[in-house]
Amino acid sequence: MDNVGLILVSSLCSVIGQTLLKYGMTVLGPQSIATDGPLTIVSRIAMSPYVMGGLMLYTTGAFFWLVAHLGARAPARWAYGTYLLPRAWHRV
């Protein structure tokens with residue numbers, strides 16, 4: 001896979017991962033440490049398939065980003081341009 005393909009996979013994984021994380025936390029709703037305690041809240045978050053899927057996809061995106069930019073020596077202008085793409089997507 002060439003650099004552009006790796007960069008696109010990285011961006012896509014990051015965007016989908018962040019979207020799943022946001023949806024997963026929204027589904028959980030407001031949490032109160034005072035009533036439930038921190039361990040209960042952390043276990044709820046850890047048991048959410050959307051949150052865990054989002055974390056896995058986001059981590060996969062970070063891995064592909066590193067492979068594309070460090071291993072293949074892609075130009076720096078690609079590195080930071082695609083790093084900002086997922087963040088710009090969530091502003092929409």
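Rule-based calculations on the coordinates, nothing more; no lab input. Only a predicted model underlies this, so the values are computations on that prediction, with no experimental measurement involved. Note that each Cβ is placed from the backbone with ideal geometry, even for glycine, and that neighbours are counted across all protein chains shown.
So here's what we get for this one:
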{"item": "Residue under evaluation Gln31, criteria (1) in contact (Cβ under 8 Å) with a residue 24 or more places away in the chain; (2) surrounded by fewer than 18 Cβ atoms within 10 Å (Cβ to Cβ); (3) of a type outside the set (Phe, Trp, Tyr), criterion not met", "result": "(1)"}
{"item": "Scan of region 1-22 for residues that are of a type outside the set (A, V, I, L, M) and surrounded by fewer than 15 Cβ atoms within 10 Å (Cβ to Cβ), ordered by number", "result": "Asp2, Gly5, Lys22"}
